[in-house]
Amino acid sequence: MHDAVVVGGGPAGCFFGKLLAERGFNVAILEEHAEIGRPMCCAGIVGAGDIERFGIKSDALVLDKLRRAVVHPPSGEPVEIGRGRTEAVVIDRGEFDRKLAEEAIRAGAELFLRTRCIGVTLEKDGASVDAKSEGKRVKLRAKLVVGADGPTSVVGRRTGLLKSPTEAIKCAQAEIVADIAPGTAEIYLGSGVAPGFFAWAVPAGDACRVGLGTTEGNVREKLLRLLKSRLVSGKVKSRNMIHFTAGIIPESGRRRICGERVLLVGDAAGQVKPLTGGGIYLGLSCAQLAADVATRALEHGPEGRILKEYEDAVKERFGKEFELGTVMRRIFRRMSDKDLDVILKLLSKPDIKELVIKHADFDKHAELLSILIKKGPGLLAKFGARKLAEYLRRMFKSYTRPIPRAKA
Ligand SMILES: Cc1cc2nc3c(=O)[nH]c(=O)nc-3n(C[C@H](O)[C@H](O)[C@H](O)COP(=O)(O)OP(=O)(O)OC[C@H]3O[C@@H](n4cnc5c(N)ncnc54)[C@H](O)[C@@H]3O)c2cc1C
């Protein structure tokens, strides 16, 4: 019997597997694909210094250092935001995943490729994981099962933690040859481009990644339209794509992330930044918290009570980020193109720009968001955007109203 079977050989699963194997536990990682890191559907943007925080050397992985964002409103002039320093880096995401898998194996984890989990049964004294490997049925037993199998997690659904269908942002991304200025992330907003989310273009070494997320319609068609649009077409050197992929980002929200003998990490647990969908930093951070709790559970018996500490640890460390980010995400989804135009225009006002520059952090959005909740409507009113200020005031109030205490 394994101490832990991890389903999914993405960053969250491999990092969790590595940490547990390093502590002497017997870990198996199952990955349905024939290779780690492929197919890859990710812009690969992570905060500067994030990768090193997890003990991973980034030198060979960094394809570009981002110092500024140029945000294109639905109509009107683009706005540049930056502080003259590297805020984030674009990494070779496939290589990053392979590096994490290599480290997990080095630490002693077993990696089973082409092995797709098709079922999980939680039992009194362990758990059974049913899988298909090269056409054959295999069964693994473990004290603990970890679902690191992405937004539609089979482990989550089969153990009842995840109710389907889950809300998600549909995404598509192309790697193309284009002239995106080094150090610059281009962001495109508006219902004509990416309703419900946004589109992006970033330099990634010799190529560029142009991608789009949306909550409505056909994402592939929208991306092809963006590539032909006046926003991007002038920068595109060739319509030929080096790489095209589609994927989904889970709407980060309230998901149950642990139960008796089972934990979810990464996208499977909805651990993405609500506003941007970035999940690499959060996935690895939460995998670390999960590994600490799993270690205690395996040492003292995998009781639900111990695993519940994982939920508490995630809440304590990232609860505010998820909560405020989700409020802002809901408000963003309801904003009209006109609202977005007004907000972007006001970003060039010194008072507002200063506020953003002072409190913005690539990974931690809660500080800026709580300041915006407090001061945003007042600032908008000061610059004449009274209707929008009133709308935001109402929205903030309805979303941040404290939950009444239950009667004793
Ligand atoms: C278009 C796009 C762009 C993005 N850009 C960024 C970005 O710039 N920065 C950022 O931080 N995040 C970004 N993200 C999000 C990021 O990619 C994810 O948050 C991250 O990959 C989550 O890692 P994970 O290990 O939880 O899941 P995944 O990376 O999805 O890995 C899950 C693994 O499980 C395997 N699997 C699934 N089901 C099974 C099964 N039944 N049996 C066995 N194996 C299985 C899959 O093959 C996969 O390898 C982007 C996402 C998309 C879609």
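The values are calculated or read from the model by the stated rules, or taken from the named source; none is laboratory data. What you see is a predicted model, and the numbers here were worked out from it, not measured in a lab. Don't worry about glycine lacking a Cβ; one is built from the backbone with ideal geometry, like all the others, and counts go over all protein chains shown.
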>> Out of the residues in region 1-57 meeting the condition of being closer than 27 Å to Asp125 by Cβ and β-branched (Val, Ile, Thr), tell me which one is nearest to the ligand (Cβ to nearest atom).
In response: Val7
> Of all residues in region 65-82, how many are over 21 Å from Phe332 (Cβ atoms) and either away from the ligand (no atom under 12 Å from the Cβ) or surrounded by fewer than 19 Cβ atoms within 10 Å (Cβ to Cβ) (or both)?
Replying inline: 4
> Is there any pair linking a residue in region 242-259 that is without any contact (Cβ under 8 Å) to a residue 24 or more places away in the chain to one that is within 12 Å of the ligand (Cβ to nearest atom) and not in a strand (DSSP E or B), with Cβ under 9 Å and at least six apart or on different chains, and which?
Replying inline: Arg254/Gly270
> Exactly one of (1) in a helix (DSSP H, G or I); (2) modelled with pLDDT under 85; (3) out of contact with any helix residue (DSSP H, G or I) (no Cβ under 8 Å at 6 or more places or on another chain); (4) not assigned by TED's automatic domain parsing to the domain that holds Cys258 is unmet by Asp341. Its number?
Replying inline: (2)
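Checking the condition more than 11 Å from the ligand (Cβ to nearest atom), surrounded by 18 or more Cβ atoms within 10 Å (Cβ to Cβ) and not in a loop (DSSP other than H, G, I, E, B), which residue from Ala101, Ala142, Ala131 passes?
Ala142
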>> Quick test of your reading of the structure: Arg261 fulfils all but one of (1) under 27 Å from Val120 (Cβ atoms); (2) within 12 Å of the ligand (Cβ to nearest atom); (3) surrounded by 21 or more Cβ atoms within 10 Å (Cβ to Cβ). Name the failing condition by number.
In response: (2)
> Which of the residues that make up region 230-240 are surrounded by 15 or more Cβ atoms within 10 Å (Cβ to Cβ), out of contact with any His (no Cβ under 8 Å at 6 or more places or on another chain) and not β-branched (Val, Ile, Thr)?
Replying inline: Lys235
>> Glu216 - would you say it is surrounded by fewer than 21 Cβ atoms within 10 Å (Cβ to Cβ) and either under 30 Å from Ala131 (Cα atoms) or within 15 Å of the ligand (Cβ to nearest atom) (or both)?
In response: no
>> Can you go through Ala201, Ala194 and tell me which one is touching a Cys at 6+ places or on another chain (Cβ under 9 Å) and within 16 Å of the ligand (Cβ to nearest atom)?
In response: Ala201
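Condition check ((1) under 30 Å from Arg137 (Cβ atoms); (2) within 13 Å of the ligand (Cβ to nearest atom)) across all residues:
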| position | (1), (2) |
| --- | --- |
| Val89 | no, yes |
| Phe96 | no, yes |
| Ala107 | yes, no |
| Phe112 | yes, yes |
> Only one residue in Gly150, Gly119, Gly156 is closer than 24 Å to Gln288 by Cβ, within 14 Å of the ligand (Cβ to nearest atom), not in a loop (DSSP other than H, G, I, E, B) and not hydrophobic (A, V, I, L, M, F, W, C). Which one?
Replying inline: Gly156
> Is there a residue being away from the ligand (no atom under 12 Å from the Cβ) and assigned to a helix (DSSP H, G or I) anywhere in region 228-248?
Replying inline: yes
> Checking Arg85 against (1) within 14 Å of the ligand (Cβ to nearest atom); (2) part of a loop (DSSP other than H, G, I, E, B); (3) not assigned by TED's automatic domain parsing to the domain that holds Asp292, which test does it fail?
Replying inline: (1)
>> When the residues of region 272-289 are narrowed to those that are more than 7 Å from the ligand (Cβ to nearest atom) and not in a helix (DSSP H, G or I), which ends up nearest to the chain's Cα centre (by Cα)?
In response: Lys273
>> Looking at the structure I just gave you, is Arg209 among the basic types (Lys, Arg), within 14 Å of the ligand (Cβ to nearest atom) and in a strand (DSSP E or B)?
In response: yes
>> Just to be sure I understand the filter: pairs with C-beta atoms under 6 Å, separated by 6 or more residues or on different chains, first member in region 67-94 and among the basic types (Lys, Arg), second member assigned to a loop (DSSP other than H, G, I, E, B) and surrounded by 14 or more Cβ atoms within 10 Å (Cβ to Cβ). Which pairs pass?
In response: Arg67/Thr86; Arg67/Gly183; Arg93/Met40; Arg93/Cys42; Arg93/Gly44
